[in-house]
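Below you'll find the structure, written out as structure tokens, and then a few comments.
Bear in mind these aren't lab numbers, they're just calculated from the coordinates by the rules spelled out. The shown structure was predicted, so the numbers you read here are calculated from the model rather than taken from an experiment. Reconstructed Cβ throughout: ideal geometry from the backbone, glycine too, with neighbour counts over all protein chains shown.
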Amino acid sequence: MQTYDLHKFLGEVRDILERDGIRPQRGDDQPLPEVAAGMLLRAYGVEPVMNPVDGLRNSMDKPWVDEDESRSSGTDTSR
């Protein structure tokens with residue numbers, strides 16, 4: 001199986017866009033770059049991988065407020 005670092009891939013794509021004068025911006029209604037990049041890699045038969053430190057850093061950067069609120073209000077449907 002072929003693998004490729006997801007964050008390296010995203011950085012390379014961002015560099016290419018910026019080199020060509022494009023400033024990447026993500027809209028609220030757009031998929032997360034990590035999700036879209038993973039789908040593209042998989043479409044080419046490459047399994048996206050992530051450095052464990054990057055994965056932990058990403059999970060710490062994203063607030064879990066929505067999940068906490070749904071649990072406290074009794075609307076949590078994940079159980």
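Of all residue pairs spaced 6 or more apart or on separate chains, those with beta-carbon atoms under 9 Å, a first member in region 28-47 that is within 16 Å of residue 11 (Cβ to Cβ) and a second member that is basic (Lys, Arg) and in a helix (DSSP H, G or I) are 33/14.
Taken over region 1-47, the criterion of being hydrophobic (A, V, I, L, M, F, W, C), surrounded by 10 or more Cβ atoms within 10 Å (Cβ to Cβ), assigned to a loop (DSSP other than H, G, I, E, B) and over 14 Å from the mean Cα position of the chain (by Cα) is satisfied by 22 alone.
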